[in-house]
Amino acid sequence: MLKFILFSCKKYFLLLIVIVCMQVHAQIIVKTAQPVSEIQPTMWGVFFEDINMGADGGVYAELVKNRSFEFFKPLMGWKIERKSFHEGEILVQNRQEKSTANPRYVRVTVNNGSRGDLGLTNEGFKGMGIKKGLRYDFSVLFRKQSGDVKLHIELVTATGEKIGETVLLPEANAGTWKKQAVSLNATATEAKGKLTIWFEGTGIIDLDMISLFPEDTWKKRPGGMRADMIQMLADMKPGFIRFPGGCIVEGFDLSQRYQWKKTIGPIEERQLIINRWNFEFAHRPAPDYFQTFGLGFFEYFQLAEDIGAEPLPILNCGMACQFNSAEVVPIDQLEPYIQDALDLIEFANGNTSTKWGKVRADLGHPNPFNLKMMGIGNENWGPQYVERLKAFTAAIKAKYPDFKLVNSSGTDPEGERFDYLNKELRDMKADIIDEHYYRTPDWFLKNASRYDSYDRHGSKVFAGEYAAQSDRTVSVSNRNNWKCALAEAAFMTGLERNAAVVNMASYAPLFAHAEGWQWTPDLIWVDNLQVYGTPNYYVQKLYATNKGTHVLSILENNKTIAGQDSLYASAAWDKTSNEIILKIANVSEKSQTRDFQLDGVKKPDTKAKWILLKNDKLDAVNSFENAVNVSPVEQTLPVDAKTKKVTLAMPPYSFSVVRIKVL
Ligand code: AHR
């Protein structure tokens, strides 16, 4: 009897093991044999705008604020240091009639001064980030008027402690403007540093373009960009970089629109304008926010080339921001705007015998930048836009028939403005239509199928600006939390699935300074010394670095996976590495397991790479203190080479990327 009982138990135990081993999970079929469409190399890119101190005070590494005294208040950012009135005088002068781009400078009169008597201190952009042991390059344009004045250059902490010093002895320059430079090393790290210049001697000297750059700029270019910020972009391997905006393209009014020709050449001749984000939001005023254009169009093209991204400049279409002045240029005066667009193509691509190709060569880039596309207008709308766009399109296509134009569909992804433009642009056979969506996470989840029904043979789509808003658009309470990033990851499966229609996509805005932002959420946050990527950054990076070349069909119960059981999925084939790439967002609070059946694969590798981004808490964020709180973790996953199956247990609130090599 006992023997029988033991035998029966063993039998049931074995049966149980068999059942456990055979446990079949719901199955997802990945059809690997027939790619659905190509994925453009441009698919995942970045959107750059000088908002939130993105350029001046951000990626443009100049540490001196108001270096040319051209802010509305000429001494904004500067403090005159003096013991008494006996030491001399520092006065703002204006040579308007001689230099319209940069009229102001300061005249320093020193009477037997010595160090500590008369000086100028610059506070930097929310202070200056100074790093111990690093070299700092100081330069100044000067004109000696009389006598001899020596400049003592000092780096100081927020509390005035000296952390670097050197001396500049202005050379003879026969009353003309001359640039002179000198370097100094920092002896300590300080996030809120300042620059002080003490004047010694007796004489009069004029100063302009007072500048300080760290040596560790991107590619060590003098007067270049912050390397840590650019590295974050390079790491994403973006397919394109859109610049210079955004609303700054349009300007508050047409006088403040972005004009690329004013942003190239010697920096002292690049005419500064107020940044429209200076006063856009009463709740986030930024009175010291100006565009110096030290980062101009030549630098943008160079940056695109450096990081292997296609350049995508956006030009003003003859209309200022329609939320602001809504100023339009009369149609019979549109010609200079169109000429700017034509000249930009020649600047980027023309050979060195052309007028603008020569300008590019003289700036140090004889080879063309290979510009293939350009945006006409940012968030413009209405018949006025269509009228102007038609004139641009006719002129550009007449000269460059294959050149692609990106057209605006306005500010929102639905509604009257969008419907009107979407129809007009499609009737015009627009190359690429730029759609923007700043919406709730829920909107992103609900819209994962947005492009499933778009015409495969019509205009292509550029998801040119998007970001899930944890509160609401332009609310200061918006956070770059995991809930938003996960919703974007889920939505992006829909962009990838529809790569036949969606050729480009970029999150917006890109950078924000922790003390100088106007708009949140933003992809990458910085302060004067540090930088961190948000959960949204890691989502973007995962897509861009796991792009693939072709879309594969991925189905559950014969349906695309766009929200059933809170799962969102897309699949791609990478013909260069012979890999199948799966992307799956599990937006539910429960773990979910699926078998992924790789249909049509002959011999998969037995190990797959699983990159997992997850957090149990939807309100989780990254920060300077915990920069990788929500960041990807890599592990391996077994692949059953016999059944060609991968089983994936997706944790709650997770985004998975799985790469399976085909041998
Ligand atoms: O990304 C911030 C702003 O949002 C952009 O400047 C504008 O195009 C949009 O309204």
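Each value in this text was obtained by applying a stated rule to the coordinates, not by laboratory testing. Given the structure is predicted, the values throughout are model-derived calculations rather than measurements. Ideal geometry is used to build each Cβ from the backbone, glycine not excepted, and the neighbour counts take in all protein chains shown.
Of the residues contained in the range 583-595, one or more are found to be under 24 Å from W44 (Cα atoms), among the polar types (S, T, N, Q) and in contact (Cβ under 8 Å) with a residue 24 or more places away in the chain.
The set of residues from the range 432-479 being more than 16 Å from the ligand (Cβ to nearest atom) and acidic (D, E) comprises D442, D452, D455. Take P238 and decide whether it is away from the ligand (no atom under 16 Å from the Cβ) and either free of Cβ contacts under 8 Å to residues at least 40 places away in the same chain or more than 27 Å from V406 (Cα to Cα) (or both). No, not satisfied. Within the range 81-100, the set of residues being within 17 Å of V140 (Cα to Cα) and either hydrophobic (A, V, I, L, M, F, W, C) or crowded, with 20+ Cβ neighbours inside 10 Å (or both) comprises I90, L91, V92. Of note, V108 satisfies the criterion of being within 30 Å of I273 (Cβ to Cβ), surrounded by 14 or more Cβ atoms within 10 Å (Cβ to Cβ) and more than 38 Å from the chain's Cα centre (by Cα). Comparison of P604, P632, P638, P651 shows that the only residue that is within 29 Å of L529 (Cβ to Cβ) and either among the hydroxyl-bearing types (S, T, Y) or touching a residue at least 24 places away in the same chain (Cβ under 8 Å) (or both) is P632. Identification of strands (runs of 3 or more DSSP E) wholly contained in the range 163-252 with 3 or more residues that are within 18 Å of the chain's Cα centre (by Cα) and surrounded by fewer than 23 Cβ atoms within 10 Å (Cβ to Cβ) yields no element. The residues in the range 88-110 that are touching a residue at least 60 places away in the same chain (Cβ under 8 Å) and either in contact with a Pro (Cβ under 8 Å, 6 or more places away or on another chain) or not in a loop (DSSP other than H, G, I, E, B) (or both) can be counted, and the count is 9. Residue count for the range 529-542, restricted to those that are surrounded by 23 or more Cβ atoms within 10 Å (Cβ to Cβ) and part of a loop (DSSP other than H, G, I, E, B): 1.
Could you check how many residues of the range 306-357 are in a loop (DSSP other than H, G, I, E, B), within 29 Å of K220 (Cβ to Cβ) and not small (G, A, S)? Total satisfying the criteria: 2. Candidates are the residues of the range 48-61 that are more than 16 Å from the ligand (Cβ to nearest atom) and either surrounded by fewer than 24 Cβ atoms within 10 Å (Cβ to Cβ) or among the small types (G, A, S) (or both); the one that is farthest from M225 (Cα to Cα) is G57.
Check whether at least one residue in the range 490-504 is touching a residue at least 12 places away in the same chain (Cβ under 8 Å), within 16 Å of the ligand (Cβ to nearest atom) and assigned to a strand (DSSP E or B), and report yes or no. Yes; the residues of the range 490-504 include at least one that is touching a residue at least 12 places away in the same chain (Cβ under 8 Å), within 16 Å of the ligand (Cβ to nearest atom) and assigned to a strand (DSSP E or B).
For (1) within 22 Å of the chain's Cα centre (by Cα); (2) of a type in the set (D, E, K, R); (3) over 13 Å from V106 (Cα atoms), each residue gets a yes or a no:
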residue	(1), (2), (3)
G58	yes, no, yes
R82	no, yes, yes
E89	no, yes, no
N94	no, no, no
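Listed by position, the strands (runs of 3 or more DSSP E) contained in the range 560-663 that have at least 1 residues being more than 17 Å from T493 (Cβ to Cβ) are 579-586, 592-599, 607-614, 633-640, 645-650, 654-661. Of the numbered criteria (1) assigned to a loop (DSSP other than H, G, I, E, B); (2) within 13 Å of the ligand (Cβ to nearest atom); (3) touching a Lys or Arg at 6+ places or on another chain (Cβ under 8 Å), the one P509 fails is (3).
To keep it simple, each residue is scored yes or no on (1) surrounded by fewer than 17 Cβ atoms within 10 Å (Cβ to Cβ); (2) within 19 Å of Y454 (Cβ to Cβ).
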position	(1), (2)
A394	yes, no
K399	yes, no
S409	no, yes
D412	no, yes
R417	no, yes
Y420	no, yes
K423	yes, yes
A430	no, yes
E435	no, yes
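Output the residues belonging to the range 248-284 that are within 14 Å of the ligand (Cβ to nearest atom), touching a residue at least 60 places away in the same chain (Cβ under 8 Å) and closer than 15 Å to P313 by Cβ. Once the filter is applied, which keeps residues that are within 14 Å of the ligand (Cβ to nearest atom), touching a residue at least 60 places away in the same chain (Cβ under 8 Å) and closer than 15 Å to P313 by Cβ, the range 248-284 yields I248, V249, E250, R257. Candidates F323, F297: the one that is under 25 Å from V474 (Cβ atoms) and either surrounded by fewer than 17 Cβ atoms within 10 Å (Cβ to Cβ) or without any contact (Cβ under 8 Å) to a residue 60 or more places away in the chain (or both) is F323.
Residue-level check: of (1) crowded, with 24+ Cβ neighbours inside 10 Å; (2) more than 16 Å from V621 (Cα to Cα), G458 misses just (1).
In the set E379, E387, only one residue is within 16 Å of the ligand (Cβ to nearest atom), out of contact with any His (no Cβ under 6 Å at 6 or more places or on another chain) and of a type in the set (D, E); that residue is E379.
Taken over the range 406-431, the criterion of being within 16 Å of the ligand (Cβ to nearest atom) and touching a Ser or Thr at 6+ places or on another chain (Cβ under 9 Å) is satisfied by N407, R417, F418, L421.
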